[in-house]
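To start, the structure itself, in structure tokens.
The values are calculated or read from the model by the stated rules, or taken from the named source; none is laboratory data. Fair warning: this is a prediction, and the values are worked out from it, not measured in the lab. Glycine also receives a Cβ, built like all others from the backbone with ideal geometry; neighbour counts cover every protein chain displayed.
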Amino acid sequence: MFLNCSKKEEFSSCELPNSSRVDVITINACQDYSITSDVNCQCLERELTDKWTVKKSAGQPLVLSFLRLGLDKRAARCADCGTLLEFTPVVVAGGESPQGLPPAGTKWHLYRANFCRDRLCPMCSWRRSYKIFSQVSQIMDLIGSDYDFIFLTLTVPNVTADELSSKIDELNEAWHKFVKYKRIRSILKGFFKALEITYNQVADTYHPHFHVVLAVSKHYFKDDTYIKRDEWLEMWQRAMKDKSITQVDVRRAKGKIKGSDVSVDGAAASKALASAIAEIAKYAVKSSDYLFSDEQKTDNVVGCLASVLNGRRLCSFGGCFADAHKQLQLDDAEDGDLIHIDGELREDLATQIYRYEWSCGAYKLKEIIEKVRNKSEVL
């Protein structure tokens, strides 16, 4: 069954791309909600099952916790998050679409979705992590020929829930002191910094810490500007005014960076670098650190994190990282677009859209939308 529409249908509370040059949309309504049978679409079905369904399902305990805590509006937004997803096939050059269907091996891009953007939502946190990973990777690729990179982790001892907010304030103040130390100013060209908080269930304590990527000159590892691990620790202790800190982790980025002359041992080194960037780019909290089978424990941790994270800036770019971020015209890593996280999809190329709805604990194909451009534009 095909329905003709005079304008594009809108999602409520969703993120939308810029208006496209579309005159007619035909919708193939899949009224039986059957799983896509076409073999060329099965890769999308697998992704929906293995990734999207897992993240959507993980949000249900959070919704219930929000309700128990009296945070009804947040519960409603989180419950609605990701209930509508639209994907469009991206056909590689030379690919043919038999009978109008995507060819085998087609890549799928998220085209439109309704995200709640709550900082504790498992789905939105997952999307932000991918976005941050993409942005940090793009920046390191852009400036990789000019700088070497250091991965640095700055820690503090665990704290209780009552101490967490003030300890994060101390961390931020210490960071500003830390990067102004003469020893560090002499080698630092730019940075990306992200806050992560993990929860210790046994001790009922929280561990806030910074993951940082530092850009340094190409000769840093070969001359007397090199800073040893114990020096990093001493400077961090001084910035935090806490001699009880015993751990900092510092290591050189190794692997394939686009445009860099770093030696590479094949795919393994590239994979290792990607893994290290992914560790840096993790969003502030993982759902496994605040969603438990014990409802009371879940509510205690969710209530704490919901309060502590409210209104805070959790990641930042500085120096050459900030300059590259601007040059690449990237949007806000935390509050920006959660749909086009690894490059903007030109809307005029999205001619076929697969719309999925969340129903009875699974994503099911609702309709296939065919976008037809205005004939006058074709001429």
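Taken over the range 81-109, residues that are surrounded by fewer than 18 Cβ atoms within 10 Å (Cβ to Cβ) and either out of contact with any strand residue (DSSP E or B) (no Cβ under 6 Å at 6 or more places or on another chain) or modelled with pLDDT under 55 (or both) amount to 14. When residue 260 is tested against the conditions (1) surrounded by 20 or more Cβ atoms within 10 Å (Cβ to Cβ); (2) at pLDDT 75 or above; (3) of a type outside the set (A, V, I, L, M), the lone failure is (2). Every condition in (1) farther than 23 Å from residue 157 by Cβ; (2) at pLDDT below 95; (3) assigned to a loop (DSSP other than H, G, I, E, B) is met by residue 246 except one, and the failing one is (1).
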